[in-house]
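For reference, the structure discussed in these notes is given below.
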Amino acid sequence: MKRVLINNTLFLLLYLSFLNVPGQTRDSIKENKLQSELYTIDPSLVQIFAEGTKAMDGANFHLADSLYSIVVNKAPTFVPALRRAGGVKVEMGDVTSGLALCEKAVEISRSSDNLISLASALVNAASKNPNGDNSVWLGHALEILREGRGLPSDDDYEYNALMCQVALQLDAIPDFKTATNYLLKNHSDKMATHYFGALLAAYDEDWIQAEKEIIAAKEMGLEEGTFNQFMDSGIKSKLAIAKYKKFFIWLLIIWALGFVVLYITGIILSNYTLKSIEKEFKATASTKLAITLRSIYKKLISFAGVYYYFSLPIVLVLVIVVVGGLTYMFFALGHIPIKLVLLLVIGGGVSIYAMIRSLLLKVDYSDPGRELKESEAPALFALAKEVAGTMNTRAIDEIRITPETDLAVYEKGTKREKIQDKGRRILILGTGVLKDFKLDAFKAVLAHEYGHFSHRDTAGGDVALRVRNDMNKYIQTLYFAGQTVWWNLAYQFLRLYHFIFYRISNGATRLQEILADRVAAQTYGANAFENGLTYVIKSNIEFVKLAKHEIEDAKKVKRSFSNLYSLPGNFENEIEIELKQALNRETTNDDTHPSPVDRFRFIQGLGSGRSNLDSRTVKDLFLNWDALTAEMTKLIEDSWKNSGKLDNT
């Protein structure tokens, strides 16, 4: 038997208390019937039989033995006297005589009462010989109980309770389960039912149910000592493990459902946002619906961010459990694949280390490019202030110039400064996008960037940024340790969470871009913004293609780079094809920005524009454009020499 904690000493002699012998309350109707039967045999024995029963119930076994002996001698076929006299003799220690009387009663009539009496006597006889081999007596008792359970009985509880005890002592588990389940179904009001129910649950290693049953038995009268013995026999530790296990399983289920809810919510919100933009947004970008959607996105992203950090300890425990469980399984099987175990342990250790490192390692962020001094392009700063005035917002505080085709804004400062709109506003301009950028179109695009400031897009996002950074640090550590493999739970978690979190946050950024587009279109006209965005996309394609060609050519002949911002080229057809594809592609859930064709559709017909047909380009706003482009070319060349590739590819 899988007896982890069941101790036979808990079962011995329990049948007496379970069956209420001695001191039990007799069924008066049944007793009157027995006395009437005896009266037909010998009226003088009725009172003696009644006094004997009274003495037995009062534990006065010597008196009961004397009185029952009189009845048995004068009425040797009266089976109630035979079985009761036999039980008393066994209780007094005269096992042989007692069992003989009970056997005689059964020989006369194999009734349920006679069989239960014989079985009880056999069990009691076994208890009188604790150090001997009682298997014969107990085996005989079990056979009798099996027979008696199938006969009509006034109290089937006695049969099943006694069978539970005997079956346990003989390791006859099927009988024990059958009897216990019967008691649980039909006699849940009995203390013994719940006691045996606790033992059955313990045997099945259902520790939580075992605790419930033993507590119920205690509440119904089980002795404190027996209760404590049961709990101290290993239940407490097993119960604690079972409760933690159950808690963790439910936690895993809820955790997994959380992923599903996050993903579905993100998809629904993203689709609703796009439909709302086309159907419900009015002429102004500051609609109530837009504000509501931004608020919902903010809360959803914050929740998703907190959910990431909530998930980390769960992943940690999962890694430990899986690695420990597999290692234990190999030990239990007796065959230990050393390389595989080492691989699992190392992988688990690296995963845990990477997790902790991602949370503790502080990343120093450097601003992109270099600061552009106002003295280098005073007209550009003046234009930026002009657009800010038109937008009725605070002008940028700093412009940073980069060698590529960047065009974006961000904000520096404390969280409080950003919330109060006192952060330092910074505009990033990529040199590769400025050369032929018409000022009218540039103003519209710059108005779009100011729209992000006005909508406070740059003031929030701390949770999203931190989660992205921590996820990147985590996955980088796993990558460099060679742990980005299919069997690494931490890596699979990161892949899943990265997918879900970016889907949600990308929906938010798409909304931000659309609202900023509308502000720009309302201010400078939809055509101006469309021209500006088209130019930005085209210049990126063109710059990368021409720069790559120049770098490859310079590499072949081992010469310095020519100025990357004034390169001739014959890629017009290729550029036009790529531009057409970029402009007309569909928006996907993985996009941080809607596709250009969608952005143009969302602003169609907005704004009359403020064009003054200024034919100048952004490069005309710099005092020394050639010196700037030479500097940026040198930066790219130095970067290529150090890394062997163009940073923007």
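Looking at GLU550, GLU578, just one residue is without any contact (Cβ under 8 Å) to a residue 24 or more places away in the chain, in a helix (DSSP H, G or I) and crowded, with 16+ Cβ neighbours inside 10 Å, and that residue is GLU550. Run ASN488 past the list (1) closer than 23 Å to ALA304 by Cα; (2) surrounded by fewer than 17 Cβ atoms within 10 Å (Cβ to Cβ) and report the number of the one that doesn't hold. If we test ASN488 against (1) closer than 23 Å to ALA304 by Cα; (2) surrounded by fewer than 17 Cβ atoms within 10 Å (Cβ to Cβ), just (2) comes out false.
Residues of region 491-530 that are crowded, with 22+ Cβ neighbours inside 10 Å, farther than 19 Å from ASN392 by Cα and among the polar types (S, T, N, Q): SER505 alone. Filtering region 155-199 to residues that are in contact (Cβ under 8 Å) with a residue 24 or more places away in the chain, part of a loop (DSSP other than H, G, I, E, B) and either aliphatic (A, V, I, L, M) or under 19 Å from ALA121 (Cβ atoms) (or both) leaves LEU170, ALA172. For the residues ARG518, ARG495, ARG559, the requirement of being assigned by TED's automatic domain parsing to the domain that holds THR617 and under 45 Å from the mean Cα position of the chain (by Cα) singles out ARG518.
Each residue in region 260-276 was checked for being closer than 16 Å to ILE301 by Cβ and either within 23 Å of the chain's Cα centre (by Cα) or not in a helix (DSSP H, G or I) (or both), and 8 pass.
Scanning region 518-544 for residues that are among the charged types (D, E, K, R) and at pLDDT 90 or above returns GLU530, LYS538, GLU542.
Picking from residues in region 155-166 that are closer than 13 Å to SER117 by Cβ and among the charged types (D, E, K, R), the one that is surrounded by the most Cβ atoms within 10 Å (Cβ to Cβ) is GLU158.
Taking the criterion of being free of Cβ contacts under 8 Å to residues at least 60 places away in the same chain and outside any helix (DSSP H, G or I), the residues of region 24-56 that qualify are GLN24, THR25, ARG26, ASP42, PRO43, SER44.
TYR328 - would you say it is surrounded by fewer than 16 Cβ atoms within 10 Å (Cβ to Cβ), of a type outside the set (S, T, N, Q), modelled with pLDDT under 80 and assigned to a loop (DSSP other than H, G, I, E, B)? Answer is no for this residue. Total residues in region 230-249 satisfying the condition of being surrounded by 15 or more Cβ atoms within 10 Å (Cβ to Cβ) and either modelled with pLDDT under 80 or within 15 Å of ALA202 (Cβ to Cβ) (or both): the figure is 8. Would you confirm, using the coordinates I've provided, whether VAL319 is crowded, with 16+ Cβ neighbours inside 10 Å, within 14 Å of the chain's Cα centre (by Cα) and farther than 30 Å from GLY507 by Cα? Spelling it out, VAL319 is indeed crowded, with 16+ Cβ neighbours inside 10 Å, within 14 Å of the chain's Cα centre (by Cα) and farther than 30 Å from GLY507 by Cα. Within region 209-221, the presence of a residue that is loosely packed, with under 15 Cβ neighbours inside 10 Å, at pLDDT below 85 and either over 30 Å from VAL322 (Cβ atoms) or of a type in the set (S, T, N, Q) (or both) is excluded. Does SER120 satisfy the condition of being within 14 Å of HIS140 (Cβ to Cβ) and hydroxyl-bearing (Ser, Thr, Tyr)? Here the answer is yes, as SER120 does meet what is asked.
Scanning region 550-571 for residues that are modelled with pLDDT of 85 or more and under 20 Å from ASP436 (Cα atoms) yields GLU550, SER562, ASN563, LEU564, TYR565, SER566, LEU567.
The values are calculated or read from the model by the stated rules, or taken from the named source; none is laboratory data. Because the structure is predicted, anything quoted here is derived from the model rather than measured. Cβ atoms come from the backbone with ideal geometry, glycine included; neighbour counts cover every protein chain shown.
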